[in-house]
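Below: the structure, in structure tokens.
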Amino acid sequence: MSKKVLLLPGDGIGPEIVAQAVKVLDVLKSNHGLDIEMTEGLVGGAGYDAAGHPLPEATMQAAKEADAILLGAVGGYKWEALDISVRPEKGLLGLRSGLQLFANLRPAFLYPQLADASTLKPEVVSGLDILIVRELTGGIYFGQPRGIRTLDSGERQGYNTYVYSESEIKRIGHVAFQAAMKRNKKVCSVDKANVLEVTELWREVMTGLAKEYPEVELSHMYVDNAAMQLVRNPKQFDVVVTGNMFGDILSDEASMLTGSIGMLPSASLDANNKGMYEPSHGSAPDIAGKNLANPLATILSAAMMLRYSLGREDLALKVESAVSEVLDQGLRTGDIYSEGMTKVSTSEMGQAVVNVLAK
Ligand code: NAD
């Protein structure tokens with residue numbers, strides 16, 4: 001039976017980059033026996049403009065019915081003045097929490113062809129291959145109570161709650177250990193156990209879980225040190241597992257080690273491997289509509305979708321190797337361009353990947 005894929009192009013460069021991933025999925029349908037049905041929905045600013053909400057009811061319904069979701073990006077200058085309850089980012093948060101997508105997987109992988117794109121020395125980053133596993137539906141971004149209150153003194157005070165239950169820590173821990181089993185068998189759990197009780201529990205639970213994975217070497221690191229180690233000696237890491245807020249920050253830092261955020265995919269999975277797949281970057285309003293954006297992060301997100309939600313590891317590998325081949329051909333969008341290479345547009349880059357897959 002066909003699997004259902006919901007496309008949510010979103011805002012800014014979203015529609016341009018998702019269109020390239022759709023071309024890739026279409027060629028896999030016609031040439032490689034991929035059996036999927038694709039439908040499209042509105043999210044983010046596009047959802048707000050059309051239906052008054054960044055996550056329209058119809059989109060949420062379609063997302064619940066889908067086996068996988070491929071999202072472009074949300075947000076842009078146009079919606080910045082809106083009330084926080086209807087800002088484009090609320091569409092993303094609503095999908096993540098509504099679908100219980102608790103595990104965010106963000107690889108930071110350096111393509112050897114792009115070693116020069118990193119701001120770090122090639123010897124520090126060459127061969128870099130880190131997987132950041134970030135808890136996505138708990139922690140301080142969702143904890144209650146939260147708000148801004150007025151104290152008796154008349155001064156306003158903002159407050160949030162950092163909370164994790166044992167079961168939440170265990171389920172993200174399992175994802176990290178299982179991922180490590182398929183990689184280099186190392187997990188580094190990042191916390192701030194010296195200051196925050198919630199992460200003291202995090203450390204305790206991770207340590208307990210490690211007994212179920214005797215082949216995996218578990219280490220612990222405080223988040224401030226992890227931020228430093230990621231730029232000092234990033235190759236010491238294999239899988240990094242951490243909570244929502246620390247993961248948000250560290251995964252962006254890790255992505256920049258590779259030089260271009262335009263190359264990095266991500267997956268957000270529920271307990272049954274249903275997932276939402278999206279590039280790690282935002283909606284890049286500065287280059288939107290100009291056919292300049294790098295579509296490879298989105299195409300690689302589609303590859304992760306083939307791997308985790310559509311059960312087609314074989315096709316995921318084909319797409320990843322097609323991306324590597326177009327880089328070998330010297331094709332570069334502006335963000336990864338260096339002298340001597342051929343500068344291409346968003347659609348030309350997408351077409352180049354399609355051409356490799358159509359061979
Ligand atoms: P951004 O990632 O959109 O852009 C940062 C810089 O990287 C920009 O110069 C942009 O042109 C460039 N860039 C990003 N993606 C690129 C690509 N594929 N190819 C080439 N260059 C690329 O981050 P930002 O500027 O901080 O945020 C812009 C908007 O995106 C904001 O509204 C923000 O809220 C939103 N945002 C959305 C998501 C998401 O949808 N998941 C994530 C982050 C930011």
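Diagonalise the Cα gyration tensor of segment 129-257 and give the resulting equivalent ellipsoid semi-axes, square root of 5 times each eigenvalue, largest first, whole Å. Kindly include the intermediate steps, with their values, before the conclusion.
On the way: eigenvalues 170, 58, 27 Å².
Ellipsoid semi-axes (Å, largest first): 29, 17, 12.
Only counting other Cβ atoms within 10 Å, I'd like T258, T346, T298, T207 sorted with the fewest neighbours first. Write down the numbers at each step before the final one.
Values: T258 27, T346 24, T298 33, T207 13.
Arranged by neighbour count, lowest to highest, T258, T346, T298, T207 become T207, T346, T258, T298.
Can you divide the C-alpha Rg of the chain by 2.2 N^0.38 Å and report the result to two decimal places? Show your work: numbers first, answer last.
Details: Rg = 20.3 Å, N = 359, 2.2 N^0.38 = 20.6 Å.
After normalising by residue count via 2.2 N^0.38 Å, the value is 0.99.
So the label point goes 7 Å from the Cα of E313 along Cα→C-beta, right? Which residues of segment 166-201 then have their backbone N under 18 Å from it?
175-186
log10 I(q)/I(0), Debye, Cα-only segment 207-353, no solvent, q = 0.11, 0.14 Å⁻¹?
-0.53, -0.84
Return the percentage of antiparallel bridges among DSSP beta bridges fully within segment 129-257, rounded to the nearest 5 %. Kindly include the intermediate steps, with their values, before the conclusion.
On the way: 4 of 18 bridges.
If I count the DSSP bridges inside segment 129-257, around 20 percent turn out antiparallel.
What does DSSP give for the chain in terms of the percent of beta bridges that are antiparallel, rounded to the nearest 5?
Values: 19 of 48 bridges.
Antiparallel bridges make up about 40 percent of those DSSP assigns within the chain.
Using 1/(1 + (r/R0)^6) with R0 = 45 angstrom and r between the beta carbons of S126 and D49, what's the FRET efficiency to the nearest 0.05? Working shown, then result.
Details: r = 44 Å, r/R0 = 0.98.
Efficiency computed from Cβ-Cβ geometry: 0.50.
Would you list, by chain and number, the lysines whose Cα falls below 19 Å from the Cα of K29, excluding same-chain residues fewer than 8 positions away?
By straight Cα distance, K29 reaches K3, K4, K318, K359.
Net charge within 13 Å of I249 by Cβ-Cβ distance, Lys/Arg positive one each and Asp/Glu negative one each, not counting I249 itself? Working shown, then result.
On the way: positive: R106, R134, K192; negative: D224, D248, D252, E253.
Neighbour charge sum, excluding I249 itself: -1.
Quick one: putting +1 on the C-beta of Lys and Arg, -1 on the C-beta of Asp and Glu, what dipole do you get for the chain around its Cα centre, in Debye to the nearest 20? Walk me through the intermediate numbers first.
Numbers: 34 positive and 44 negative charges, 77 e Å.
Taking the Cα centre of the chain as origin, the dipole is about 380 debye.
Please give the net charge around R171, taking every other residue with its beta carbon less than 11 angstrom from that of R171, where Lys and Arg add +1 and Asp and Glu add -1.
Details: positive: K170; negative: E135, E166, E168, D270.
With Lys, Arg at +1 and Asp, Glu at -1, the neighbours total -3.
What GluC sites (Glu not before Pro) does segment 145-176 have in DSSP loop regions with at most 10 other beta carbons within 10 Å?
Numbers: sites: E155, E166, E168; in loops: E155.
Passing both the DSSP loop test and the Cβ count: E155.
Nearest 500 deg cm²/dmol is fine: what mean residue ellipticity at 222 nm does the chain get from its DSSP H runs of n ≥ 4 alone, each adding -39,500 (n - 2.57), divided by its residue count?
Details: 12 runs with 145 residues, N = 359.
Helices in the chain give a 222 nm mean residue ellipticity of -12500 deg cm²/dmol.
Where a number appears in this text, it was derived from the coordinates with a stated rule and is not lab data. Source: prediction; values computed, not measured. No Cβ is skipped: glycine too gets one built from the backbone with ideal geometry, and neighbour counts run over all protein chains shown.
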